[in-house]
Every structure is written in C-alpha cells, then in structure tokens.
1. Would you list, by chain and number, the aspartates and glutamates whose Cα falls below 19 Å from the Cα of residue B:247, excluding same-chain residues fewer than 8 positions away?
2. Chymotrypsin sites (Phe, Trp or Tyr not before Pro), restricted to segment B:155-264: which are DSSP loop and have at most 15 other Cβ atoms within 10 Å?
3. What is the distance, in nm, between label points placed 7 Å from the Cα along the Cα-to-Cβ direction at residue B:336 and at residue B:356?
4. So if we plug the beta-carbon distance of residue A:9 and residue A:86 into 1/(1 + (r/R0)^6) with R0 = 22 Å, what FRET efficiency do we get, rounded to 0.05?
5. For chain B, set up a Gaussian network in which alpha carbons nearer than 10 Å are linked by springs, and say which option among B:285, B:224, B:347 fluctuates the most.
6. Taking the radius of gyration and the Kirkwood hydrodynamic radius from Cα positions alone, what is the Rg/Rh ratio for segment B:4-126, to two decimal places?
7. Need one value for A:46-55: mean number of C-beta atoms belonging to other chains within 10 Å of its residues' C-beta atoms.
8. Classify segment B:232-309 as rounded, prolate or oblate, taking a ≥ b ≥ c as the square roots of the eigenvalues of its Cα gyration tensor: rounded when a/c is under 1.5, otherwise prolate if a/b is larger than b/c and oblate if not.
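The values are calculated or read from the model by the stated rules, or taken from the named source; none is laboratory data. Here the structure is a predicted model, which means the values were calculated and not measured. Counting neighbours? That spans all protein chains shown, and the Cβs are built from the backbone with ideal geometry, glycine included. Only protein heavy atoms, including side chains, enter the accessible area calculation; ligands, DNA and RNA are left aside. Shrake-Rupley method; radii C 1.70, N 1.55, O 1.52, S 1.80 Å.
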Amino acid sequence: MLYINCPHCGMRSQNEFSYGGDASVKRPELNKEVSDQEWDNFVYNRKSLRGKHLELWQHISGCRQWIKVERDTVTHEIFRTFKADEEVA
Amino acid sequence: MQKYSIFNLVKNAFSNHENWDLAWKDPTPKEEYDVVIIGGGGHGLATAYYLAKEHNITKVAIIEKGWIGGGNVGRNTTIIRSNYMHDENGLFSEFGMDLWRKMSQDLNYNVMFSPRGIINLAHSDAQMNAYARRGNSMRLNGIDAVLLNREQVREIIPMADFSDDVRFPIFGGLMQPSAGTARHDAVAWGYARQADSMGVDIIQNCEVIGFDVSAGKINGIRTSRGNIKAKKVGLCVAGSTNILAEKLNMTLPIETHLLQACVSEPIKPVLDNVVTFGAGHFYVSQSDKGEMVMGGDLDGYNSYAQRGNLPTLQHVLTEGIAMMPFLSKLKMLRTWGGIMDMSMDGSPIIDKTHIEGLYLNCGWCYGGFKATPASGWTFAHTIAQDRVHELNAGYSLNRFSTGHLIDEKGLGTKTWIS
C-alpha cells in the first residue's frame, strides 16, 4: 500500500487516489505553429524513467485536486508531493 | 543434440538419469555476430530459433542480463488465444495459434499446450451485441468463435454465479474453443534448447551497457562482458525497453507498468476452460497442479518493481469472487508481479527503426506470452530480410504519428490508465 501525502489533506492511502501519468509532459502552446513531432511527444511518447519520476495523481476520493508526486519507480518510495501549480525545484 | 523420446528416457534410466546432455551451453561471448538479440525471454529465444531455422542465420547471440526465462515468460498466466476483432491482431495471433499447435513436436519439448477454450463473459445485452460483432470478425479471419447464451455458459461453468440478484448477471459469453494454455517455462526452455543446438550462443548474466552507433548504423553493443560487434541488433526486452531506448536517444510510445498474478492452493479439477469476467478485468484458469491461476488489472502507476501492492490484488479478486463465489474459500498460495511494456494503443510494435540494423520488438501489454511464437517468427523475418512481413506490417512504430492505431478496445490512447 502506498501512502501519499496530499498537499491539501495530508497523508492518505493510495486507495483514495487515481494515477495521471508523467507530470513533466507539457502540452504544446496553441498560439504557435505545432509540429507533428511535438504532438506525438505530448500524446504518445514517454520516457518512462527508471528511478525518480515526477507524476500526476488525483485525490479523487478526497479533495479531488490534481497533485504532483515525486516517486521512485523501482522502490515505490515517495519523496515529495506538490500542488499542481507548484514549481518543482 | 540428444532427442527427448521414450527410448532415450528408458535408456537414461539405466544410468540414473545422470548422463543427459545439458539442454544448452554456457558460451563466452564471441567478438562478432551477424545478429545479436537483446533479451533472453520467450520472444528473444523464439526470434533466435526462427532466425536459425527459417533463415539459416546461426551466427546469433542472445544477450540476457539475468537468466533466460526469468522475466515475463516465467511470470505470466499462460493464456493462449487469438480472439481479436481487428485484422492485424487476429491474423497475427491466429498464425501464432498454428505455431502453438505444432510447437511440442517442432521443438521436441513438451510445452503442454492445452486447447481448453476461453470464454469471455457478457453481463448485458449491449455486451452480447459487441461479442457477436467480435465473433463475426474473428470468423471472417478464420478464427473459431462461438456465441454462447446464458444456459450454454451455465452448462460449461456451473460454478459461476448465475443468480438473478447479482450486480453483473451473466447474459452469455463469447468462446474461442481452440484457445488454451501452455507450460510457460517449457516454451522458453524448448526454444533455448533448439536455438542452442543450431549454433546460437545464449549468453546469460550479461548486461547491455550501451550501443555502438555511427553514421546512423548499428555496429555493435557494449556489455558488462565486453564489446560485441554485430551487423544487426534486435531488442526484445519488454518492460526494460525504455531503459535501452534511452541509451539510443529514442523516446517510445511505451510506459512500463506493473502487472500482478496469483495462484490459489491446489484443488481438485473444477474448471477446464479459461474464463474472463466481462464487467471488469479478471481472468482465471486451473493449472494442471490444480491451482487456480488468476490475474487482472495493472497496479496503475509507472513501475519497474517486479512486485505489486495489495489494493490492486484485492480489487481484482473482488471481481473474481463476484464471478465465481467459491474462490473466496480458497487460500492464496503465491502472488507475483512482472513489468509490462504498455504501448499507447494496446498493440505491439515489431519494426525497423531509424537506425540501420536496429530492430524493435516491444509493446506487448497484457498479451506477450501467447504471442511468443508469432512474435519470434515475424521478428526473425523482419531482421533477416530487413523488411517487415505482412503479418507485422500493422505493428509499425510510426503508426502513432500517422494515426493508424490498432485500438482493439476502441478506447483511445492509454487505455490502461484507469
């Protein structure tokens, strides 16, 4: 069982969350020319890092906020959590 | 190579079975090969076997970081089927069914292929309609499919919950009678033994550290046991695909996820089919030892850990108990996990790459085991001829850019994110 420290609600069990994938993926800006490659990178292509991975989770059975979680994809250790709009240093 | 036969079994009994040949050798890596296959799992071993058998290419090495058959070919739930609607998946898998039927004779190794049939249960009229459509598509591709009504399903699996007051009553099901199971480890060992006997070097405990690429062409690989030159390199590393892709500066339409399976304590024969729950993701069969073999959903988050967490297991088994209540009385014997190369449309990739001489075989999602022979056969063709076979032409890497996705479930991208 993972325990995720929601920045809004505190420590909660994994059962309250749903997963949203790689948080480092950026949607291409709409008011400029976007190449097919940029769309591919946004929609399909993923690094799927082994080790520290910044990812989105939604506290769907809690405050319903999207949050960012820094987690190890080998040990499942969770290092830090952030609000969705928080910059990750 | 020593043939496995009743005659040799009797003969070796006189020497207490101490004089059997080793099934495969343990060679040190040579300096150069025509083809290097990275990954000594089912697909890699099958690829090497078909390279030697179908294309006469025997200067081949299989490079395996751990031991052969220690990854997903040793961790799956052994289901073999071709019950797909789309042509690409159906024709590819049905070609594989043919290879499965001949495999034990072909490899001189009993893979215990058991065509016991698979039933996908339907729990609504809409699902029955969808199954009728899929069944018709299958039959058009020459795959056997039978649409069963509720009573016909009850005759085959009377132990399922047929009461009327359940949340997901059984309306019927779609059956592929020729589907089944096989002994997964035997598949890896059988391919390894034959590939070895034809001259393939199976090199274990050898990690790939990097690639030697110049002017857009592959020249070899760097490993923990030295550099190896190769004219062609094939990647067959399932959940580790992204790790190697990173060394090649490639980003792929794949994420690595964790999938669990489990078996119960052994019980007397009760189920002689593979059955899947239609209102969620759960499947069950009974092994020859009597264990109920069960699996279902991914854990749901990116992971390279070959072990899972309890919430997903609980969720999956809740579905199992809804389908077959007697399962709740069984004790769990073992649970385990493996890492899946989940592609963005749920279908695999068997293709050339932008690097000359580098070939890619990945994206098997939940269905890698049953694809083992067809994957090896088509990948060997793609490598040997430097062009894709018509059976894997649809499994191209660029289909994500061109929009030619093979989206079997019709759910769009990342169907596995719940």
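1. Within the straight-line limit of under 19 Å, residue B:247 reaches these aspartates and glutamates: B:64, B:207, B:212, B:255, B:341, B:351, B:356.
2. B:162
3. 4.3
4. 0.90
5. Maximum among the listed residues: B:224.
6. 1.05
7. Taking the mean over all residues of the peptide, I get 6.
8. Because a/c hits 1.5 or more and a/b exceeds b/c, segment B:232-309 counts as prolate.
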